[in-house]
Amino acid sequence: MHCKPELTQAVVIEDGKLVEYDVQHLLDKQRAGSIYLGCVVNVLPGMQAAFVDIGLEKNAFLYIDDLLPVHLEKQPQQKPPIADLITVGQELMVQVVKDPEGTKGARITTHFSIPGRWIVYMPHADYVAASRKIESDAEKTRLKMLMESLKCNEEGIIVRTVASGQSEDAIQRDLVELRELWKSVVKKSRISRAPAQLYQDLDLLPKLARDVINEDVSEVWIDRKDMCEEMQRLIERQLSHTVASTMPSIQLYKEPLMIFDKFGVTDELSRAFRRKVWLPSGGYLVIDPTEALTVIDVNTGKFVGSMNLEETVFQTNLEAASEIARLLRLRNIRGMIVIDFIDMVQEANRAKILETLVQATSKDRSKTIVIGWTKLGLLEMTRKRK
C-alpha cells in the first residue's frame, strides 16, 4: 500500500502477479454502498421507474424491481404501476448500487445490504444463503443452519466465502455489529430531512481489512507508519480468533525506493491499463470499452509458434484467457464482456479455452459468469458491477 497525503493506493499480488488495484483520493466520497434519505422528484409510469434526489449532482434512478420486496415469493404476480408505490415529494431511504457514470445518475435500490467481515446483512430480505464458492457442502449446511438459528424476523443473511471454518462466536459478533449499524441508520433517517446521507461504506484501509486481507494473505506492506499501525489494529480485531501463526504479517516499508517500484507495480500498472496489452509469447490483446459492453480482441502478433497454425492459435488463446481474467480484476472491468478469440478448428481446443477462463476467474471477488461461445464464435461473459 502506497500512502500520500492526497491519495492512497493499494494493490494485490498473487503468485507474483498483480491482480487488483484500488485508489482513493482525499476528496473522493464513496457512493456505491452508501445509504441516503432521498426525495422522489419524478415518477415515470411508462418506464416503471422514478428519479430520486439524494443530494448528488444528478438525480438517482430507481427501477420498480428495486421497490418490490427482495424476496421473490413476496412479490405480486404482476408488477403494480410504480405510481401506486411512490409519489412525487415522498421521502425514501435508498442505497446506491451503481455509481454515477458519464451522463447517468446513480442507480439506487430499497434492497439494503451491508457487508461485514463474515456475512452480508440484509434487514428486509427474509432468507439465508451461503456463498457458492464455499466448496464443502457440509460446511455450507453448518453455516446456513447457524444463520437460521441467529436470524430474527425479516432479516436476510448471506454467508461470505471467508466465513468457511469460522466459529459461531465470530460470526455472531459480526451479525450483532451489523444489526446495531442498521439500527443507527434507521434512527438517523427519522431525524433527518431529505436529501441526506445516512451511511457511507468504509474507506479504502478498513475496506481492505474487511474484504481482502484474510488468512490466505501472507504479507501486507504499507509505507506510512500511522496507516500501518491502523491496519495492524484492524486485522488483530477482525482475526482475533485466529492462531498467531496464520495471521498475515503487517510490515512498515522504510526503504528509499518507492514501494511500488520495489515490487514492480509501477511498470506493470502502466502496461496493464493500455488499450493494447502484449502477452509474454508475443501475442496481444486490444481492449475497447463502450457504454454498453467491453470488447476484447485477441491477436497472435509476433508469436509464430513452432508446430502448426491450430497449435499456434490455441497457445495464444490459452495465454490470453488467463491474462484476460487477471486484467478484468486489475482494471475492474464490469458488465457485459465479449471476447474475440482467434478462430480455432478443433472443438476440444475451444472447450479448453472456456475451461481455462472459468478457472482463472474463480478467484475474482466480483461475481463473474462465463456464458460461453456464440454462433459467431465470440465468447460472452459478465462481471458484476461494484
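The values are calculated or read from the model by the stated rules, or taken from the named source; none is laboratory data. None of these values were measured; they are calculated from a predicted model. Methodologically, a virtual Cβ is constructed for each residue, glycine included, from the backbone with ideal geometry; neighbour enumeration extends over all protein chains shown.
Return yes or no: is VAL176 β-branched (Val, Ile, Thr) and over 23 Å from GLU20 (Cβ atoms)?
Considered against the rule, which asks whether it is β-branched (Val, Ile, Thr) and over 23 Å from GLU20 (Cβ atoms), VAL176 comes out as yes.
Can you go through SER245, SER270 and tell me which one is modelled with pLDDT of 85 or more, assigned to a helix (DSSP H, G or I) and surrounded by fewer than 18 Cβ atoms within 10 Å (Cβ to Cβ)?
SER270
This table checks each residue for (1) surrounded by 18 or more Cβ atoms within 10 Å (Cβ to Cβ); (2) among the basic types (Lys, Arg); (3) in contact with a helix residue (DSSP H, G or I) (Cβ under 8 Å, 6 or more places away or on another chain).
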| residue | (1), (2), (3) |
| --- | --- |
| PRO76 | no, no, no |
| PRO81 | no, no, yes |
| THR87 | no, no, no |
| GLN95 | yes, no, no |
| GLY105 | yes, no, no |
| THR110 | no, no, yes |
| ILE119 | yes, no, yes |
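Inspect all residues belonging to segment 162-179 and state whether any of them is under 25 Å from the mean Cα position of the chain (by Cα) and more than 29 Å from VAL217 (Cα to Cα).
Looking for residues that are under 25 Å from the mean Cα position of the chain (by Cα) and more than 29 Å from VAL217 (Cα to Cα), one finds none in segment 162-179, hence no.
Would you confirm whether any residue within segment 318-328 is part of a helix (DSSP H, G or I) and in contact (Cβ under 8 Å) with a residue 60 or more places away in the chain? Break it down into steps so the answer makes sense when it comes.
Initially, segment 318-328 is screened for residues part of a helix (DSSP H, G or I), giving 318-328.
So of that shortlist, the ones also in contact (Cβ under 8 Å) with a residue 60 or more places away in the chain come out as 326.
For segment 318-328, residues part of a helix (DSSP H, G or I) and in contact (Cβ under 8 Å) with a residue 60 or more places away in the chain: present.
Has segment 210-233 got at least one residue that is assigned to a loop (DSSP other than H, G, I, E, B), under 18 Å from TYR21 (Cα atoms) and aromatic (Phe, Trp, Tyr)?
No.
Just the residues that are part of a loop (DSSP other than H, G, I, E, B) and under 16 Å from ILE337 (Cα atoms), please, taken from segment 276-295.
Across segment 276-295, the qualifying residues are THR290, GLU291, ALA292.
Looking only at segment 363-383, which residues are within 22 Å of GLN315 (Cβ to Cβ) and not β-branched (Val, Ile, Thr)?
First, pick out the residues of segment 363-383 that are within 22 Å of GLN315 (Cβ to Cβ): 370, 372-373, 377-379, 381.
Listed by number, the residues that qualify are GLY372, TRP373, GLY377, LEU378, LEU379, MET381.
Test LEU178 against the stated conditions and say whether it is at pLDDT 90 or above, surrounded by 18 or more Cβ atoms within 10 Å (Cβ to Cβ) and in contact with a Gly (Cβ under 7 Å, 6 or more places away or on another chain). Working first, answer last.
Details: at pLDDT 90 or above: yes; surrounded by 18 or more Cβ atoms within 10 Å (Cβ to Cβ): yes; in contact with a Gly (Cβ under 7 Å, 6 or more places away or on another chain): yes.
So LEU178 fits the description; yes.
I need the full set of residues from segment 97-123 which are outside any loop (DSSP other than H, G, I, E, B) and either small (Gly, Ala, Ser) or in contact with a Leu (Cβ under 9 Å, 6 or more places away or on another chain) (or both), in order please.
To start, the set of residues in segment 97-123 that are outside any loop (DSSP other than H, G, I, E, B) comprises 97-98, 101, 104, 107-109, 114-115, 119-122.
Result: ARG107, ILE108, THR109, ILE114, PRO115, ILE119, VAL120, TYR121.
Only one of ASP66, ASP22 is assigned by TED's automatic domain parsing to the domain that holds LYS98, surrounded by fewer than 19 Cβ atoms within 10 Å (Cβ to Cβ) and within 21 Å of the chain's Cα centre (by Cα); which? Walk me through it before giving the result.
Numbers: ASP22 fails: assigned by TED's automatic domain parsing to the domain that holds LYS98.
Result of the check over ASP66, ASP22: ASP66.
Pick from segment 342-363 the residues that are closer than 18 Å to LEU330 by Cα and small (Gly, Ala, Ser): which of them is nearest to the chain's Cα centre (by Cα)?
Looking at the filtered set, the residue picked out is SER362.
Take the residues in segment 308-325 that are out of contact with any Pro (no Cβ under 9 Å at 6 or more places or on another chain) and within 15 Å of ARG275 (Cα to Cα), then tell me which one is surrounded by the fewest Cβ atoms within 10 Å (Cβ to Cβ).
Of segment 308-325, the ones out of contact with any Pro (no Cβ under 9 Å at 6 or more places or on another chain) are 308-318, 320-322, 324-325.
Add one more test, that the residue is within 15 Å of ARG275 (Cα to Cα), and what stays is 320, 324.
Values: ALA320: 28, ILE324: 25.
If we take residues in segment 308-325 being out of contact with any Pro (no Cβ under 9 Å at 6 or more places or on another chain) and within 15 Å of ARG275 (Cα to Cα), then ILE324 is surrounded by the fewest Cβ atoms within 10 Å (Cβ to Cβ).
Since SER366 meets every condition but one in (1) within 30 Å of the chain's Cα centre (by Cα); (2) over 24 Å from LEU269 (Cα atoms), which condition does it not meet?
So the condition that SER366 fails would be (2).
So which of ALA32, ALA60, ALA49 is surrounded by 15 or more Cβ atoms within 10 Å (Cβ to Cβ), free of Cβ contacts under 8 Å to residues at least 40 places away in the same chain and not β-branched (Val, Ile, Thr)?
Unique residue meeting the criteria: ALA49.
Of the residues that sit in segment 112-161 and are more than 26 Å from ASP65 (Cα to Cα) and among the basic types (Lys, Arg), which one is farthest from the chain's Cα centre (by Cα)?
ARG142
How many residues does segment 184-213 contain that are among the aliphatic types (A, V, I, L, M) and closer than 22 Å to MET1 by Cα?
Here the count works out to 7.
Go through segment 246-296 and give me each residue that's of a type in the set (A, V, I, L, M), farther than 25 Å from GLU230 by Cα and touching a residue at least 40 places away in the same chain (Cβ under 8 Å). Steps first, please.
Here is the first cut: in segment 246-296, the ones of a type in the set (A, V, I, L, M) are 247, 250, 252, 257-259, 265, 269, 272, 277, 279, 285-287, 292-293, 295-296.
Checking the rest, the ones that are also farther than 25 Å from GLU230 by Cα come to 269, 272, 277, 279, 285-287, 292-293, 295-296.
Passing the criteria: LEU269, ALA272, VAL277, LEU279, LEU285, ILE287, ALA292, LEU293, VAL295, ILE296.
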